[in-house]
Amino acid sequence: MKPGKVESSYSGQTLNERDVIHFDDTGDEIEILPSVHVIKIGGQSIMDRGKAAVYPLIEEIVANKPRHKMILGTGGGTRSRHVYSIAMDLGMPTGVIARLGSLVSHQNAKILHMLLCKHGGVFLLRDNFEHLALYLNAGCIPIIEGMPPYEIYERPARGGRIPESRTDTGIYLLGEVLGARSVIFVKDEDGLFAEDPKKNPRAEFIPKISVAELLERDLNDLMVERKVIELMQTARHVRQIQLVNGLKAGNLSRALDGEHVGTIIHAD
């Protein structure tokens, strides 16, 4: 290397050229925490139901602590939807709405943290992301708000102003960057249905489906954010997700043990 010159495959490139976007120098990408399970606790489906839903789920999480390393993330639920409604009525742009939504997810994470304190629950600030391995190796259960930290940098939504990257997306991206063993979404339904089972009790249950088929079917209602399904198409590590009913005791444990419970959505 010549003095004063930095050798790089990207030297002389603007990083905006078409060929550079698809350039990959090694093809290798490490899995940072390949043994950890990333679990999304639904805001509206679990947290908003209060003690009746949250306490049994906490007991199940604690029971699995000796055998599984877990990171918990929270959704916003009904309160975030209320905030979205008010913000949109006041003319707020998408980035501001995303910021407001993250505050509700933060509150739910703090609630979960308080309930899990005596079991090693640790609230993870975004700036302390690098402490994840330390907490896990110390036997703690890290808890993080689900909303991705885009906030005012959230890209404009393709329709309306509600952010497309919400708590499901944030938790999925966390699992992807960590190369997690699994990403599990704990909801209040048995899995994915062709229609909302609350409105149509005879709706078709979908135990397993590929991302390509799911996008082709273009269902009107999904149990997980559409952004997650889109991201799975180009994911490097987390190529499938699992949707389970957290209101039924044992479902989360079965999912952590690798059983096919609920719905599995896969990219391959």
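Values in this text are rule-based calculations from the coordinates and carry no lab data. Since the model is a prediction, treat every value here as computed from it, not as a measurement. Backbone-built Cβ (ideal geometry, glycine too); neighbour counts: all protein chains shown.
Here residue 227 is the anchor, and the lysines within straight C-alpha reach of less than 20 Å, apart from those fewer than 8 places off in the same chain, are 40, 187, 208.
Neighbours of residue 220, meaning other residues whose beta-carbon lies under 9 angstrom from its beta-carbon, give a summed charge of -4 when Lys and Arg score +1 and Asp and Glu score -1.
Size of the range 47-190 from its Cα atoms: along the principal axes, largest to smallest, the extents are 48, 33, 27 Å. Using a/c under 1.5 as the rounded threshold, could you call the range 182-268 rounded, prolate or oblate? The axes a ≥ b ≥ c are square roots of the C-alpha gyration tensor eigenvalues, and prolate needs a/b larger than b/c, oblate otherwise. Oblate shape, in that a/c is at least 1.5 and b/c is the bigger or equal ratio. The string of couplings for the range 161-167 from the Karplus curve (6.51, -1.76, 1.60, θ = phi - 60°) is 10, 5, x, 7, 9, 10, 5 Hz, one whole number per residue in order, with x for Gly and Pro.
Taking the 0 to 90 degree range and rounding to the nearest ten, how far is the long axis of helix 78-89 tilted relative to the main principal axis of the chain, both from C-alpha atoms? Taking Cα atoms only, the helix is inclined about 60 degrees.
For a distance above 34 Å, tell me the whole-number percent of Cα pairs in the chain that qualify. Walk me through the numbers on the way to the answer.
Numbers: 7483 of 35778 pairs.
In whole percent, the share of Cα-Cα pairs in the chain beyond 34 Å is 21.
Does the range 118-268 come out rounded, prolate or oblate by the C-alpha gyration tensor, with a ≥ b ≥ c the root eigenvalues, rounded set by a/c under 1.5 and, if not, prolate when a/b is larger than b/c and oblate if not?
Working: a/c = 1.79, a/b = 1.26, b/c = 1.42.
Taking the square roots of the gyration eigenvalues as a ≥ b ≥ c, the range 118-268 is oblate.
The angle between the Cα long axis of helix 94-116 and the main principal axis of the chain comes to about 60°, on a 0 to 90 degree scale. Centre-to-centre separation between the Cα atoms of the range 217-263 and those of the range 136-163: 18 Å.
Cβ-to-Cβ counts within 10 Å put 145, 259, 216, 151 in ascending order as 216, 259, 151, 145, the fewest first. Working from label points 7 Å from Cα in the Cα-to-Cβ sense, the residue 133 to residue 194 distance is 4.7 nm. Note on the range 180-203 and the range 59-88: Cα centroid distance 16 Å, given to the nearest whole angstrom. For the chain, take the longest principal axis of its alpha carbons; what is the angle in degrees between that and the long axis of helix 51-64, to the nearest 10 within 0 to 90? Helix 51-64 sits at roughly 60 degrees to that axis. Label sites at residue 59 and residue 221, each approximated as a point 7 angstrom past Cα along Cα to Cβ, lie 3.0 nm apart. Look at the alpha carbon pairs under 8 Å that are at least 6 residues apart: their mean separation over the length of the range 113-268 gives a relative contact order of 22 percent. All other residues whose Cβ lies under 15 angstrom from that of residue 89 are scored, Lys and Arg at +1 and Asp and Glu at -1, for a net of +2. Summing Cβ point charges (Lys, Arg +1; Asp, Glu -1) relative to the Cα centre of the chain gives a dipole of roughly 860 debye.
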